[in-house]
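This report refers to the structure that appears directly beneath it.
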Amino acid sequence: MPTSPILLLWDIDGTLLLVPGAGASAMTQTFQRLFAIPNAFAHVEFAGGTDSYIVDSAFQQHHLDHQQYGMLFKTAYCRQLSRTLKEYPGHILPGVSQLLQTLHKDPRFDLSLATGNYHDAAYIKLAHFGLDHYFPTGGFAEDGYTRDAIMTAARNNAELYYQKHYTSCVVIADTVQDGLAAKQCGYPLLAVTTGKQSIQDLQTVTPYVVPSLDDSSLVHLLLNIALSH
């Protein structure tokens, strides 16, 4: 495989777009419809969790067999998510569309997802906002409970898809959990404060923190981050 450009691993929620509450609502509605259990996720922590971890936690709390019902739930949840997104106000975050257009055309970069969403849920969200075509590959909740497992899978899947070996990977995300996972993988993190976490919190895991992706100098910054690692 030829020497590669820089692989950019993208989070979705809080980084590319915001649809507050849509995923949790779709999961809750799906659980109630399938198992007649209301508010099934009331005691499950969503922040920073992957879909696989969140759903498995609920299954354990309610004594349901994940092997028996997991695929049924995932399929029904993704269908519900498509409907729920139409009911919840959401938006692409500032600068995202222009930055993706620029990076997509730049031969120095390849784009991949590294998201805690299920594969189908990720593309349902992205397609809802017209961003799905930028990301032909990625790592998803099916690839592991933890974000570092997902990031590792994202790189492996990208190498298979693009037929390249990547020596430089940069994660773009909005949480401390993403930063800790990136460190475990040996990848630098460009953190953006468009999610729920503060600059101060994000600076505990990366020196590269920006208030938004609405900045024309970000391509240069991404190159510098990759070169410095």
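The values are calculated or read from the model by the stated rules, or taken from the named source; none is laboratory data. Computed from a prediction, not measured in an experiment: that's the story for all the values here. So basically every Cβ, Gly included, is an ideal-geometry build from the backbone, and we count neighbours across all protein chains shown.
From K125, K183, K196, K105, which residue is at pLDDT below 95 and of a type in the set (K, R)? Exactly one of K125, K183, K196, K105 is at pLDDT below 95 and of a type in the set (K, R), namely K196.
Listed by position, the helices (runs of 4 or more DSSP H) inside the range 57-136 whose residues that are in the same structural domain as G14 (by TED's automatic domain parsing) and under 30 Å from V170 (Cα atoms) number at least 3 are 96-105, 119-128. Checking R108 against (1) touching a strand residue (DSSP E or B) at 6+ places or on another chain (Cβ under 8 Å); (2) buried (at least 17 other Cβ atoms within 10 Å of the Cβ), which single condition isn't satisfied? For R108, the exception is condition (2). Taking the range 3-34 as the range and being at pLDDT 95 or above and more than 20 Å from E45 (Cα to Cα) as the test, the residues that pass are I6, L7, L8, L9, W10, L16, L17, R33, L34.
If we only count helices (runs of 4 or more DSSP H) wholly inside the range 161-229, which ones have 1 or more residues that are more than 18 Å from the chain's Cα centre (by Cα) and closer than 19 Å to G49 by Cβ? Can you show your working first?
Details: elements: 176-185, 199-202, 218-227.
The helices (runs of 4 or more DSSP H) meeting that bar are 199-202.
Of all residues in the range 5-40, how many are assigned to a loop (DSSP other than H, G, I, E, B) and crowded, with 19+ Cβ neighbours inside 10 Å?
Narrowing the range 5-40 to residues assigned to a loop (DSSP other than H, G, I, E, B): 5, 11-12, 14-16, 19-21, 36-40.
If we keep only those that are crowded, with 19+ Cβ neighbours inside 10 Å too, we end up with 11-12, 14-16, 19, 40.
Number satisfying all stated conditions: 7.
Check whether at least one residue in the range 194-209 is of a type in the set (F, W, Y), touching a residue at least 60 places away in the same chain (Cβ under 8 Å) and in contact with a strand residue (DSSP E or B) (Cβ under 7 Å, 6 or more places away or on another chain), and report yes or no. Checked against the condition, which is being of a type in the set (F, W, Y), touching a residue at least 60 places away in the same chain (Cβ under 8 Å) and in contact with a strand residue (DSSP E or B) (Cβ under 7 Å, 6 or more places away or on another chain), the range 194-209 yields no hits at all.
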